[in-house]
1. Quick one: PHE253 ticks every box in (1) in a helix (DSSP H, G or I); (2) open to solvent by less than 90 Å² (accessible area, probe 1.4 Å); (3) under 20 Å from THR172 (Cα atoms) except a single one, so which number is it?
2. Kindly list the number of the only condition in (1) free of Cβ contacts under 8 Å to residues at least 60 places away in the same chain; (2) open to solvent by less than 60 Å² (accessible area, probe 1.4 Å); (3) within 25 Å of GLU123 (Cα to Cα); (4) out of contact with any helix residue (DSSP H, G or I) (no Cβ under 8 Å at 6 or more places or on another chain) that fails for LYS242.
3. Just one of (1) open to solvent by less than 30 Å² (accessible area, probe 1.4 Å); (2) outside any loop (DSSP other than H, G, I, E, B); (3) more than 20 Å from ALA130 (Cα to Cα) trips up PRO42, so point out which.
4. Considering (1) open to solvent by less than 30 Å² (accessible area, probe 1.4 Å); (2) touching a helix residue (DSSP H, G or I) at 6+ places or on another chain (Cβ under 7 Å); (3) closer than 30 Å to HIS84 by Cα, say which one ARG247 fails and leave the rest.
5. Do you know which residues across the range 122-148 are under 12 Å from ALA101 (Cα atoms) and small (Gly, Ala, Ser)?
6. Please work out which residue is surrounded by the fewest Cβ atoms within 10 Å (Cβ to Cβ), limiting yourself to the range 52-68 and to residues that are in contact (Cβ under 8 Å) with a residue 12 or more places away in the chain and farther than 29 Å from ALA130 by Cα.
7. Of the residues that sit in the range 256-280 and are in contact with a Gly (Cβ under 8 Å, 6 or more places away or on another chain) and among the acidic types (Asp, Glu), which one is surrounded by the fewest Cβ atoms within 10 Å (Cβ to Cβ)?
8. Conditions first: (1) part of a helix (DSSP H, G or I); (2) free of Cβ contacts under 8 Å to residues at least 60 places away in the same chain. GLU30 passes all but one, so which condition is the exception?
Amino acid sequence: MTRRKPVEVRNIVCISDLHAGCQLGLCPPEGMPLDEGGTALPSKLQRKVWAYWETFWGEWVPSATRGEPFAVIFNGDAIDGRHHGATTQMTQNLKDQVALAYRILRPVVEACEGRYWHIRGTEAHVGPSADSEEALAKMLGAVPNDAGQHARWELWKKLGPHLVHFLHHIGTTGSQAYESTALMKEMAESFVEAGRWGDQPPQVIVRSHRHRCLELRMPTASGYGMAVVTPAWQCKTPFVYKIPGARLSQPQFGGVLLRLGDEEIYSRSKVWRLERPRAE
């Protein structure tokens, strides 16, 4: 049988933080089938966010990639799990949550023709050692690492001659004035660690977890070095209203594209923001 020549991919789409199974997470219009035979239907707010999701994959990604092949990196927290005594889940049955995340992400895997990598998120959401996320990633056919893990803690991904490092977690702050501090620290620590051992440093680092999109760029010998934090697909939960800075902001939804140019990597972010509540 003749093997097809591998397609050179110059586009990586990165999304994260679906929190499927949460009343404030991503849910399709047909709702979430439950273990005992019922169905949990999405709220008006969830239906609005789902419209963003469909626009992202149906319009923005084809336009931003110019119709070219692309890879997808899911950067953690596909399900909401059972966490912190929360009562906002549509169900706390993790099997149902994983099944919902599979239904959401399966068309994404098909759209990228299987060029799909999955990063493990926060254990409070996806289980000890991210066991629920590993089960989901295996169902989706995510590219495994050398240890056979379909969901991994980190990914070093080549994009042309450059290296991109994906990992879910990054530090947070209680002040928007210092929101970029964690990104700068992450870049500096990446350069120091690479220099210490003589490794190639990452040209781009991608993080998630904070549910707020931000990009930081600095000139390097290989073009612009970048640190990017992805937006999420979850509305504000009760926990967010306790966090300085975040409690005053509106939730952000969307994803990030990394595109290989002739000499360096470029980034584009697509972010939707909910309008703040109306004055009464």
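1. Every condition holds for PHE253 apart from (1).
2. All conditions pass for LYS242, except number (2).
3. The number of the failed condition is (2).
4. Of (1) open to solvent by less than 30 Å² (accessible area, probe 1.4 Å); (2) touching a helix residue (DSSP H, G or I) at 6+ places or on another chain (Cβ under 7 Å); (3) closer than 30 Å to HIS84 by Cα, only one is false for ARG247: (1).
5. Selection gives SER132, ALA135, ALA137.
6. Ranking the candidates gives GLU68 first.
7. Among residues in the range 256-280 that are in contact with a Gly (Cβ under 8 Å, 6 or more places away or on another chain) and among the acidic types (Asp, Glu), the one surrounded by the fewest Cβ atoms within 10 Å (Cβ to Cβ) is GLU263.
8. Of everything listed in (1) part of a helix (DSSP H, G or I); (2) free of Cβ contacts under 8 Å to residues at least 60 places away in the same chain, GLU30 misses just condition (1).
The values are calculated or read from the model by the stated rules, or taken from the named source; none is laboratory data. Because the structure is predicted, anything quoted here is derived from the model rather than measured. In this analysis, Cβ positions are derived from the backbone assuming ideal geometry, glycine residues included, and neighbour counts consider all displayed protein chains. Ligands, DNA and RNA are stripped out before the accessible areas are found, and what is left, the full protein with its side chains, is counted by its heavy atoms. Shrake-Rupley method; radii C 1.70, N 1.55, O 1.52, S 1.80 Å.
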